[in-house]
Amino acid sequence: MAAVAGVTGPAGVGPGPGGVGPGGGGPGPTADRPVRVLIVDDDALVRAGLSMILGGVPDLLVVGEAADGGEVPAAVAACAPDVVLMDIRMPRVDGLAATEALRASPHPPEVLVLTTFDADEQVLRALRAGAGGFLLKDTPPAEIVRAVHRVAAGEATLSPAVTRRLIDHVTAPGAPGGPEPRRERARRQLAGLSEREHEVAVAVGRGRTNAEIAVELFMSVATVKAYVSRLLVKLDLNNRVQVALLVHDAGLV
């Protein structure tokens, strides 16, 4: 294992294929290139366990590890991951601050938050910062693998328990900021969408996959993907999780 500013990774790991340099956000996985994963957790045993789980999957490649959120920029620059598995509680820079900083950078990798607890405010902060998913550490290995694949493909992934709590939280009368101001802001933001874009946004808010939306709205999957991409641009959002949160904030699901 080679060490890079407190970060560990397979020997020889550097910028990804295609000349991707510092700053991470490689060209993305393809049929002939595995999904590159960076594991960030202050518990060495957790990192080892996740490496074993993901390392046994042919189309996943663990390209490095970091023990603190402060090491994430160097790790991303060195390893060019497609997906960062990010713990929340770490001693110096926590995973939430690391996620916010990472997702604010140009061409960032996707982030999948993995933690031992599902506190509502932590979930919301991570997802609003641009994390592509949120799973508890007791999630079965096969589901963690599926989640990494889905996040790498740009699809949201949340554990069912977290999804239920999230929906309850964003619609609760006592939620921070109050429901009405948040609802009004969300509805104003969605008001500029076309009828079809609005339908796709609501379907995303219901947790539908691209394939399910295609069937529901009589579109091709490629057309759905195009609409989702258009939504992200028009709404100035990072990923479909944030679209779902906006739809929930607007009270549309």
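The values are calculated or read from the model by the stated rules, or taken from the named source; none is laboratory data. Worth saying up front: this structure is predicted, and the values here are computed from it rather than measured. Using ideal geometry, Cβ is built from the backbone for each residue, glycine included, and neighbour counts are taken over all protein chains shown. Ligands, DNA and RNA are stripped out before the accessible areas are found, and what is left, the full protein with its side chains, is counted by its heavy atoms. Shrake-Rupley method; radii C 1.70, N 1.55, O 1.52, S 1.80 Å.
The table below gives the values:
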{"quantity": "By average C-beta atoms within 10 angstrom, highest first, the peptides 236-248, 71-83, 213-225, 141-153", "calculated": "71-83, 236-248, 141-153, 213-225"}
{"quantity": "Accessible area in square angstrom per residue, the stretch 181-253, 1.4 angstrom probe", "calculated": "50"}
{"quantity": "For Glu65, distant residues with modelled amide H under 5 Å away", "calculated": "Thr8, Gly9, Ile39"}
{"quantity": "In nm, spacing of pseudo-spin labels at Arg206 and Thr139 (7 Å Cα→C-beta vector)", "calculated": "2.4"}
{"quantity": "Integer Hz, Karplus 6.51/-1.76/1.60 couplings in order for the stretch 71-85, x for Gly and Pro", "calculated": "8, 4, x, 5, 5, 5, 5, 7, 10, 6, x, 8, 9, 10, 8"}
{"quantity": "For peptides 181-192, 92-103, sequence by mean Cβ density within 10 Å, most packed first", "calculated": "92-103, 181-192"}
{"quantity": "Full-extension gain in nm, Met52 to Lys234, via 0.36 nm per residue minus C-alpha separation", "calculated": "61.5 nm"}
{"quantity": "Förster radius 22 Å - calculated FRET efficiency between Arg33 and Thr116 (Cβ-Cβ, nearest 0.05)", "calculated": "0.10"}
{"quantity": "Portion, in percent, of the accessible area of the stretch 30-131 that falls on carbon or sulfur, probe 1.4 Å", "calculated": "59"}
{"quantity": "J(HN,Hα) series, the stretch 188-193, from Karplus relation 6.51 cos²θ - 1.76 cosθ + 1.60, nearest Hz, glycine and proline x", "calculated": "5, 5, 7, 5, x, 7"}
{"quantity": "Label-point gap, in nm, between Val221 and Glu195 - each point 7 angstrom along Cα→Cβ", "calculated": "2.8"}
{"quantity": "Contact order relative to length of the stretch 204-253, as percent, for alpha carbon pairs under 8 angstrom and 6 or more apart", "calculated": "43"}
